[in-house]
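Asker: Handing you this structure, nothing more for now.
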Amino acid sequence: MAQKLSIVIPIFNEAEHLEEILRQIDAVEIGMEKELILVDDCSTDGTREILENLQNSSENTAKIFYHEINRGKGATLRTGFQHITGEITLIQDADLEYDPQDYPKLLEPILTNNADVVYGSRFMAGRQEGLLRSYLANRFLTSLSNLVNGTKLTDMETCYKVIKTDILKDISLCSDRFGFEPEITAKLAKRKCKIVDVPISYRGRDYHEGKTVSWKDGVAAIFHILRFRFFS
């Protein structure tokens, strides 16, 4: 039985949302210890000051790390993965698009030995809230990833990925930006890991609200899907 969940949070310019997402994570009951690992990717909006204040608090139990230059989500996650000690690892964005109240349903397939990896799907319960073009792009990329990797996922690009830590630590990752999503999916598929997806709630941000994924990342994702399936 798992005793600890390591929650890795990559952070970039989330001063507006950071304290609220930490409050939500603290509030959710999962029946095990929660290890928070926060990695700031050289924020410039006051996020770092919030983290430093948290780090200096006598009540702080989170592990907090900083990048001195902006390196991208994949690199930020790799920094966090170096410090996980829980039996299960969960990836959480800091932007309030994803709801920590979904943790119990994300953990259940792993805790009952019905999965090695769980993806939280924004699409199983219908179309996600947010931009139509983002929705269509995600569905296309997921379909392409399924085709080349032999998977049956409904949302490859989701933030919510929950992985048995011993599996995660055995995977060598190299993507710095959003290539992380197709990379880890391809490498989990190559290892024949049992991946299941479960429906989650989701509130997509528009670009004027600070969403950082662009069309260029979508084009790059096509390259990454093919690269990590056939050439890496």
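Asker: For the subset of segment 1-55 comprising residues that are aliphatic (A, V, I, L, M) and in contact with a His (Cβ under 9 Å, 6 or more places away or on another chain), which member is farthest from K164 (Cα to Cα)?
Answerer: The first filter runs over segment 1-55 and keeps only residues aliphatic (A, V, I, L, M), leaving 1-2, 5, 7-9, 11, 15, 18, 21-22, 25, 27-28, 30, 32, 36-39, 50-51, 54.
Okay, now just the ones that are also in contact with a His (Cβ under 9 Å, 6 or more places away or on another chain), so 8, 37, 39.
On the way: V8: 13, I37: 16, V39: 20 Å.
Taking the candidates together, the pick is V39.
Asker: How do the pairs read when you match residues in segment 166-177 that are part of a helix (DSSP H, G or I) with residues anywhere that are surrounded by 15 or more Cβ atoms within 10 Å (Cβ to Cβ), using Cβ under 8 Å and keeping only pairs 6 or more apart or on different chains?
Answerer: D166/E87; I167/D116; I167/V117; I167/L188; I167/C193; L168/F81; L168/I84; L168/T89
Asker: Being farther than 30 Å from N114 by Cα and either among the polar types (S, T, N, Q) or not in a strand (DSSP E or B) (or both), is that true of even one residue in segment 26-34? Walk me through how you get there before you give the answer.
Answerer: Filtering segment 26-34 for residues farther than 30 Å from N114 by Cα gives none.
Within segment 26-34 (the criterion being farther than 30 Å from N114 by Cα and either among the polar types (S, T, N, Q) or not in a strand (DSSP E or B) (or both)), the answer is no, since none of the residues qualifies.
Asker: Look through segment 180-196, keep the residues that are touching a Gly at 6+ places or on another chain (Cβ under 9 Å) and more than 14 Å from P10 (Cβ to Cβ), and return whichever of them is most open to solvent (accessible area, probe 1.4 Å).
Answerer: A189
Asker: Separate question: What number of residues in segment 98-141 are assigned to a loop (DSSP other than H, G, I, E, B) and at pLDDT below 95? Step through it out loud before you land on a result.
Answerer: Residues of segment 98-141 that are assigned to a loop (DSSP other than H, G, I, E, B), as a first pass: 99, 112-116, 122-128, 130-131.
When the remaining residues are screened for being at pLDDT below 95, the result is 122-128, 130-131.
Residues that pass the stated criteria total 9.
Asker: Out of (1) open to solvent by less than 50 Å² (accessible area, probe 1.4 Å); (2) part of a loop (DSSP other than H, G, I, E, B), the odd one out for E68 is which?
Answerer: (1)
The values are calculated or read from the model by the stated rules, or taken from the named source; none is laboratory data. What you see is a predicted model, and the numbers here were worked out from it, not measured in a lab. Don't worry about glycine lacking a Cβ; one is built from the backbone with ideal geometry, like all the others, and counts go over all protein chains shown. We work out accessible area using only protein heavy atoms, side chains counted, and drop any ligands, DNA or RNA first. Shrake-Rupley method; radii C 1.70, N 1.55, O 1.52, S 1.80 Å.
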